[in-house]
Amino acid sequence: MDLAFDRRHIWHPYTSTLTPLTCYPVVSAEGVFIELENGEKLVDGMSSWWSAIHGYNHPHLNNAAHNQIDKMSHIMFGGITHAPAINLCKKLLNLAPDNLEHVFLADSGSVAVEVSLKMALQYWHAKGETRPKFLTLRDGYHGDTFAAMSVTDPDNSMHSLYKGFLPEHIFAQSPTSGYWHEWNPQDLDDFRHKIEAHHNEIAAVILEPIVQGAGGMRIYHPNFLKGVRELCDEYGLLLILDEIATGFGRTGKMFACEHAEIQPDILCVGKALTGGYMTLSATLASKEVADTVCGGEAGCFMHGPTFMGNPLACAVATASMELLEANDWKEQTRQIEAAFSELLPKLKNHELVADVRWLGAIGVVESTKSVNMEKIQAHFVEHGVWIRPFGKLIYMMPPFISQREHIENLIGAVENALEIPECFA
Ligand SMILES: *Cc1c(COP(=O)(O)O)cnc(C)c1O
């Protein structure tokens, strides 16, 4: 592979053209293994950012893609419908909280979030109210497009770079009570104060249920989410749940909101929707939200991406839902959680470890120092695993098909890294 060209001309996520870091050339992937150009195989600890839940190169997903591509890869969705979209939306509505009745298909997670925010704004406009603000949490992550970024943690996403352009929303403190810890009711105080002070200008609350992903890998207590739902009901606010990372079994429940036994008014899904094969997302809404939006001045929901409802992506997503049904994701994620809960606490006494946490098929080691990305990445590859940390967070969300030995490989490589001072800045 022409790595010199890559280094010189191709931007990778969050990278510099001045000091590009090493990129590892991958030629194929199969099951939980990623194969490098030199023939080395790495145990995957990332599921390609939460998405490849069934592992790579899966025959059932491949078949679905092949079958669909021979019929039609794409067709516009305006005035046209097709079986892949209908099949997928049936499955989605079956799995999702039962108050959600309408599905809007979009291209990526960030767009699903944009769509959810637009729905909330159109909802209030239809009711004759101007409500330009959203209430969200510190340490959250909702995507990299502007509206999604505006509700992402202002420090992590460097809002200062876009001052004057980026809308300013309301941020409440993120919960401090961990999922497995005792609930501290004071966690809700700041959120409650912000709602009390601003509810007349707030269109909706948007947050990641139970697990805050890229904004800090925080795994919080279900009582916080319960309290948020109650406060939204008390003040008549819409609740948007961003399950783009947590959806489809990752936390041990089909959707993370089930940990708190609550339902959102609007739900965003993406990432694992196609089992990691291609980009597709969806925003689901309650009948009340959809009907109110469409009863307003515009008479419709004002959005329609070119590749909306892409048949190829829908066919693969449907096949991914079929695998979820067939593969017993509950047992798979329970076993991964068991391995994390047994093996991660052993790292806790290390001086470089500030905290370890886990839930379902998610395991996190928070270090006391930021990692040296170049060094630690090379170390992981040498140890035959693919883990890509950020800042102080070394986190793993392996494919659901991972066996005990694969989790042991991942955690073993992290344990080894802790012994190498150069891996930390
Ligand atoms: C990844 C992510 C997004 C953005 O999805 P993209 O497909 O990268 O646009 C939004 N919200 C959450 C919670 C995510 O994890």
Could you grab the relative contact order for the stretch 38-185? Cα pairs under 8 Å, six or more apart, rounded to a whole percent.
14
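For the stretch 25-158, what does the alpha-carbon gyration tensor say about shape, rounded, prolate or oblate, given a ≥ b ≥ c as the root eigenvalues, a/c under 1.5 as rounded, and a/b over b/c as prolate?
Values: a/c = 2.57, a/b = 1.37, b/c = 1.88.
Because a/c hits 1.5 or more and a/b fails to exceed b/c, the stretch 25-158 counts as oblate.
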Excluding V26 itself, calculate the net charge of residues whose Cβ lies under 14 Å from the Cβ of V26, where each Lys or Arg counts +1 and each Asp or Glu counts -1.
-4
Which pairs in the list K71/K253; K91/K287; K346/K375; K163/K271; K90/K127; K271/K348 are over 25 Å apart, alpha-carbon to alpha-carbon?
K71/K253; K163/K271; K90/K127; K271/K348
Residue by residue through the stretch 153-159, what is 3J(HN,Hα) from phi via Karplus (6.51 cos²θ - 1.76 cosθ + 1.60, θ = phi - 60°)? Round to whole Hz and write x for glycine and proline.
3, x, 7, 4, 9, 6, 4
Kirkwood hydrodynamic radius (C-alpha pairs) into Stokes-Einstein, the stretch 67-123, 4 °C and 1.567 mPa s, D in µm²/s:
97
For the stretch 240-377, restrict the atom set to alpha-carbon positions and state the Rg and Dmax in Å.
19.3, 60
Please give me the summed charge of the neighbours of R334: other residues whose Cβ is under 14 Å from its Cβ, Lys and Arg +1, Asp and Glu -1.
0
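Summing +1 for each Lys or Arg and -1 for each Asp or Glu, what net charge is found among the other residues whose Cβ lies under 14 Å from the Cβ of Y56? Intermediate values should be presented prior to the final figure.
Values: positive: K41; negative: E30, E35, D44.
Result for the local shell: -2.
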If I take the Cα coordinates of the chain and project them onto the principal axes, what are the three extents in Å, biggest first?
60, 56, 45
What number results when the radius of gyration of the stretch 141-244, computed over Cα atoms, is divided by 2.2 N^0.38 Å?
1.07
From the phi angles alone, apply the Karplus equation (6.51, -1.76, 1.60; θ = phi - 60°) to the stretch 410-425 and give each ³J(HN,Hα) in whole Hz, x where the residue is Gly or Pro.
4, 5, x, 5, 5, 4, 5, 4, 5, 8, 10, x, 5, 6, 10, 5
For the stretch 248-314, shape from the Cα gyration tensor axes a ≥ b ≥ c, cut at a/c of 1.5 then a/b versus b/c, turns out oblate
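Would you calculate a helix-derived [θ] at 222 nm for the chain, using -39,500 (n - 2.57) for each DSSP H run of n ≥ 4 and dividing by the full residue count, to the nearest 500?
Working: 13 runs with 148 residues, N = 425.
Roughly -10500 deg cm²/dmol at 222 nm, from the helical runs in the chain.
Compute, for the chain, the length of the dipole vector about the Cα centre, with Cβ point charges of +1 (Lys, Arg) and -1 (Asp, Glu) only. Units Debye, rounded to 20. List each step's numbers first, then the result.
On the way: 31 positive and 52 negative charges, 87 e Å.
Dipole magnitude for the chain comes out near 420 debye.
Filter the trypsin sites (Lys or Arg not before Pro) in the stretch 58-149 to those in DSSP coil with at most 16 other Cβ atoms within 10 Å of their Cβ, and list the result.
Working: sites: K71, K90, K91, K118, K127, K133, R138; in loops: K127, R138.
Loop-located and lightly packed - K127.
For the stretch 174-223, rounded, prolate or oblate, judged on the Cα gyration tensor with a ≥ b ≥ c (square roots of eigenvalues), a/c < 1.5 rounded, else prolate if a/b > b/c?
Oblate shape, in that a/c is at least 1.5 and b/c is the bigger or equal ratio.
Rule-based calculations on the coordinates, nothing more; no lab input. All values reported here derive from a predicted model rather than from experimental measurement. Because the Cβ atoms are built from the backbone with ideal geometry, glycine has one as well, and the counts that use them run over all protein chains shown.
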